[in-house]
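One structure is given below, encoded as structure tokens.
The values are calculated or read from the model by the stated rules, or taken from the named source; none is laboratory data. All values reported here derive from a predicted model rather than from experimental measurement. Please note: Cβ atoms are built from the backbone with ideal geometry, for glycine as well, and neighbour counts cover all protein chains shown.
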Amino acid sequence: MYKNMPMPKPFSAEIVYFCNMSIVRAKKSLGQHFLRDQNIARKITDSLLPVTRDILEIGPGMGVLTRHLFANPAFSVRAIDIDQESIDYLHQELPEYQDRILYGDFLKTDIRQYYQEPFSVIGNLPYNISSQIFFRIIENRHLVRQVVCMIQKEVAERIAASPGSKTYGILSVFLQAFYHIEYLFTVGEKVFDPPPKVKSAVIRLTRNERVELGCEEKLFFNVVKTGFNQRRKTLRNSIRGIIPPGFDSPYLNLRPEQLGITDFLQLCQDIEKNRNIGDKA
């Protein structure tokens, strides 16, 4: 009677994923949109360049990326998540890696307790705090050699934007000062649960050779932030409260989006020199 009946197909990774959806609920307050496409997950992890052995995943969620990372013997992986449900689920599913799956807030964690040598960051970043995560990465740029992450497409375009474009802004300048940016590929809404209302994109940041800015870091950040917060004005007007009396530069006649990274650095170096001369006078 049953001889000619087809054998059931083995569970796919996506079916297993949906069977476990009741265990971990995506939380809007945490900006969670769980990736459920194994091909995209593999494509993301394959985008890591072999620049470090140590890898930190931010926000593993249901572990779709995590499993690919732990399966690669070339990597030494840790994962950190602020969602206790995700941590409990991953500890249950990957018991051999419990000590590598950490409960914590990346934004508040002193990363030096885990890493003294360069490491790479990977993750499907929570949409609502992706910019904060990037600023935290900038703070730890001496350790973070590479970042491969999925974020909102709009944010990815801003980060990769060139001078002169409407999307070029504060995050573009800060990250491009220290990292080479590559926009890798776009990801549609349907590969997530719940689906976001916007498209996503995967980008790669690779640490450049710039060790020092050649000016005070605080001054650089202040000039860039102040300039772009009033981006319709020329820098002469927007950063008037920052530049020393009598200081002049051709850069002051431009709007902030017209300056590249080296232009901003040169302007800040000139401001600093002028301040020092004034202090000695």
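Applying the selection to the stretch 104-117, what residues are within 11 Å of residue 56 (Cα to Cα) and touching a strand residue (DSSP E or B) at 6+ places or on another chain (Cβ under 7 Å)?
From the stretch 104-117, those within 11 Å of residue 56 (Cα to Cα) are 106, 111, 114-115; that's our starting set.
Of everything in the stretch 104-117, those that are within 11 Å of residue 56 (Cα to Cα) and touching a strand residue (DSSP E or B) at 6+ places or on another chain (Cβ under 7 Å) turn out to be 106, 114, 115.
Of the listed requirements (1) among the β-branched types (Val, Ile, Thr); (2) at pLDDT below 95; (3) under 12 Å from the mean Cα position of the chain (by Cα), residue 82 misses just one: (3).
Restricting to the stretch 134-161, name every residue that is part of a loop (DSSP other than H, G, I, E, B) and either in contact with a Lys or Arg (Cβ under 6 Å, 6 or more places away or on another chain) or over 22 Å from residue 218 (Cα atoms) (or both).
Of the residues in the stretch 134-161, the ones part of a loop (DSSP other than H, G, I, E, B) are 140-143, 161.
Of everything in the stretch 134-161, just one residue is part of a loop (DSSP other than H, G, I, E, B) and either in contact with a Lys or Arg (Cβ under 6 Å, 6 or more places away or on another chain) or over 22 Å from residue 218 (Cα atoms) (or both), namely 161.
When residues in the stretch 77-105 are screened for being within 25 Å of residue 142 (Cα to Cα) and touching a Phe, Trp or Tyr at 6+ places or on another chain (Cβ under 9 Å), 8 of them pass.
Restricting the search to the stretch 142-156, which residues are within 20 Å of residue 261 (Cβ to Cβ) and surrounded by fewer than 18 Cβ atoms within 10 Å (Cβ to Cβ)? Show your work before the answer.
Within the stretch 142-156, the first condition is being within 20 Å of residue 261 (Cβ to Cβ), and the residues that meet it are 142, 144-147, 155-156.
Within the stretch 142-156, 142 is the sole residue that qualifies.
Among the residues of the stretch 37-72, those identified as surrounded by fewer than 20 Cβ atoms within 10 Å (Cβ to Cβ), in contact with a strand residue (DSSP E or B) (Cβ under 7 Å, 6 or more places away or on another chain) and part of a loop (DSSP other than H, G, I, E, B) are 47, 49, 51, 53.
Going by the structure shown, is residue 159 under 23 Å from residue 235 (Cβ atoms) and surrounded by 20 or more Cβ atoms within 10 Å (Cβ to Cβ)? Yes: the conditions hold for residue 159. For residue 109, the conditions (1) within 26 Å of residue 184 (Cβ to Cβ); (2) in a loop (DSSP other than H, G, I, E, B); (3) in contact (Cβ under 8 Å) with a residue 12 or more places away in the chain are fulfilled apart from (1). Tallying residues that are outside any loop (DSSP other than H, G, I, E, B), of a type in the set (D, E, K, R) and in contact (Cβ under 8 Å) with a residue 40 or more places away in the chain within the stretch 112-128 yields 0.
Considering 131, 165, the condition of being in a loop (DSSP other than H, G, I, E, B) and of a type in the set (Ser, Thr, Tyr) is satisfied by 165 alone.
Residue 128 meets the conditions (1) at pLDDT 95 or above; (2) surrounded by fewer than 22 Cβ atoms within 10 Å (Cβ to Cβ) in every case but one. The failed one is (1).
For the condition in contact with a Gly (Cβ under 8 Å, 6 or more places away or on another chain) and either among the aliphatic types (A, V, I, L, M) or at positive phi (or both), what is the one hit in 243, 239, 203, 271?
On the way: 243 fails: in contact with a Gly (Cβ under 8 Å, 6 or more places away or on another chain); 203 fails: in contact with a Gly (Cβ under 8 Å, 6 or more places away or on another chain); 271 fails: in contact with a Gly (Cβ under 8 Å, 6 or more places away or on another chain).
One residue alone meets the criteria, 239.
Of the set (1) surrounded by fewer than 22 Cβ atoms within 10 Å (Cβ to Cβ); (2) touching a helix residue (DSSP H, G or I) at 6+ places or on another chain (Cβ under 6 Å), all apply to residue 168 but (1).
Of the residues that sit in the stretch 189-221 and are part of a helix (DSSP H, G or I) and touching an Asp or Glu at 6+ places or on another chain (Cβ under 9 Å), which one is surrounded by the most Cβ atoms within 10 Å (Cβ to Cβ)? Looking at the filtered set, the residue picked out is 191.
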